[in-house]
Each structure stands twice: as structure tokens, then as C-alpha cells.
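Below: the structure, in C-alpha cells.
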Amino acid sequence: MQQKQGLLATKVGMTQLFLEDGVCIPVTVLHIKDNRVVQKRVAEIDGYDAVQLAYGEIREKNINKPKKGLFAKKNIEPKRHLREFRLDKQALESFTEGESASISWLKDAGSLDVSSICKGKGFAGVMKRHNFAGFNQTHGTHESFRGGGSIGMCEWPGRVMKGQKMAGQMGNNRVTVKNVRIVRFNEDDRILCVRGGVPGGKGALIELRLSSRKPKVIHGISGPKEEKGLKNPMKASKAGAKGGKK
């Protein structure tokens, strides 16, 4: 499992920002509230190195007894969510149990991997869930304009294959968006703006992890610059051929 620095945040909503070159881009606003360090997992005892963070407000009467005992043992105010982030032993030493996790590392982070539970769409048909084309809207089609068609074969194998695309529950599952570019970060107000949309509705719990991928280039903000030259080898060869003819 990859070991990445991580934080928990709350999705506020979406808006738009104008960059330095006047380009308007959509952004998602995230509010990073207090990330309290509950405990540290160490390889000698637990078999792996990780930090456990608590996040979100909750009334004490709504917490189950195991969590209530854990917070009482650590002398920490009860929180709604508990999440673990795998780290190496050196990074784990920077955390102290009972204190807030630092968010200053976001200043140097170019992009993040964002995870959350996406919006539930309920029971959906094959056209909405799997982008099926449906049947022709003609007089020859009877009562099956939006159906899925055949789902199996004949005598062999005599069953429906696993993984067959059919109607069913859509959404309400964990989704991770890789390499989401950071556009703005206000450490004082604990506000983070990232490029584009992220999974989940307003108020959803968002998991932020430092991305191991190269940040995407966005003109008008500081960060990686666009590499000069043609990236398509076919276009580059054609351009070279034209230059040779001249």
C-alpha cells in the first residue's frame, strides 16, 4: 500500500475563479476543519505504520461505546469520523497524539488524490447506469424501448455470466479522483480550492492524499510549466520532415 500524507476535509460546494491570465475555471471549495491525532500505529505492535485522525463534530450521546472509550482514553473531544493514513516511520514522528495535524504541507503540494462517497442515484436502468443505447423507437419494438436485451446464452453455460451489465443500484460508493490540481490554499481560513469537481455532495467527508503523479499544467497559476515542443510523435515527425524539405 502506498504511504501518503493525508487529511480530512468537508466539501463546501463549487464556484469559479479567474486566474492571472483571465481564464475562468471551475473549482471545488473544501474546508479543512480540525484534524485531531487520536493514535499512531507502529509496525512493531500493529504490523504497519499509520496515523489515525478524528474529524467532525458530534454530540456525545450519539457515539457508540467503543469510540467513546477510545476518546476518553486519549482525553480527546469526541469526533464523528475516524480515518487512518499510512505513513513511513520518519513522517509518523511529526505527529503527536492529542494535537491537531498540520496542514502546512499543502503549500508545497501540487496535486492531490481525492476520495469520498459519491452521490447515490437509487435504482437505475441500463441506459443511465451503463450508457446502453436502447432499442429503436419504431412500431416493430414492443414494450422494451429501454430494456437491456439478452443476458445469457443457450443450453451452455445455462447461467448468467458474472459481471453482466444490468439495472441496479447506482452511485453511493467510494470514488477516488487522481491528480486533482490545487488552485488556491488559504492556511489561515483553512480553505482549499481544487480544480474541477470531486465526489460527494455538499457537506460530504473528503479524504485528501498527496498525489504521486506529476501535477497537471494549468495556465495562470504557479506550478509546473508546460513543456515546449510537440508531444505527439507523429506530429513531431511530420514537422521535422517539413523542416528538412525547406
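Quick note: the coordinates plus some simple rules give every number you see, no bench work behind them. Since this is a predicted model, take the numbers as computed values, not measurements. When we count neighbours, we look across all protein chains shown, and the Cβ atoms used for this are built from the backbone with ideal geometry, even at glycine.
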**Request:** Please report the relative contact order for the chain, taking Cα pairs under 8 Å with a sequence separation of at least 6, and give it as a percent rounded to a whole number.
**Result:** 26
**Message:** Report, in listed order, any pair from Lys121/Lys202; Lys89/Lys214; Lys40/Lys214; Lys40/Lys79; Lys33/Lys73; Lys40/Lys67 with a Cα-Cα distance greater than 20 Å.
**Reply:** Lys89/Lys214; Lys40/Lys214; Lys33/Lys73
**Complete:** Within region 87-130, DSSP-loop trypsin sites (Lys or Arg not before Pro) with at most 15 other C-beta atoms within 10 Å are Lys119
**Asked** Assigning unit charges at the beta carbon (Lys, Arg +1; Asp, Glu -1) and nothing else, what dipole magnitude in debye, to the nearest 20, does the chain show about its Cα centre?
**Response** 880
**Request:** Could you work out how far the C-alpha centroid of region 194-213 sits from that of region 45-63, in angstrom?
**Result:** 20
**Extension gain (nm, one decimal) between Ser102 and Ile117, 0.36 nm per residue minus Cα-Cα** = 3.0 nm
**Message:** Under the rule a/c < 1.5 gives rounded, and otherwise a/b versus b/c splits prolate from oblate, where does region 1-49 land using the Cα gyration tensor?
**Reply:** prolate
**Item:** Hz values of 3J(HN,Hα) by residue in region 51-62 - Karplus curve (6.51, -1.76, 1.60), Gly and Pro given as x
**Value:** 10, 9, 10, 10, 8, x, 7, 7, 6, 4, 5, 9
**Request:** Tell me, rounded to the nearest percent, the portion of alpha carbon pairs in region 128-221 spaced more than 20 Å apart.
**Result:** 63
**Message:** For a quick check, take a GNM of the chain with Cα springs below 10 Å and name the residue from Val175, Val37, Val126 with the largest mean-square fluctuation.
**Reply:** Val126
**Message:** Charges at C-beta only: +1 for Lys and Arg, -1 for Asp and Glu. How large is the resulting dipole of region 49-148 about its Cα centre, in Debye rounded to 20?
**Reply:** 600
**Asked** Once label points are set 7 Å from the Cα along Cα→Cβ at both Met127 and Cys24, what is their separation, rounded to one decimal in nm?
**Response** 3.3
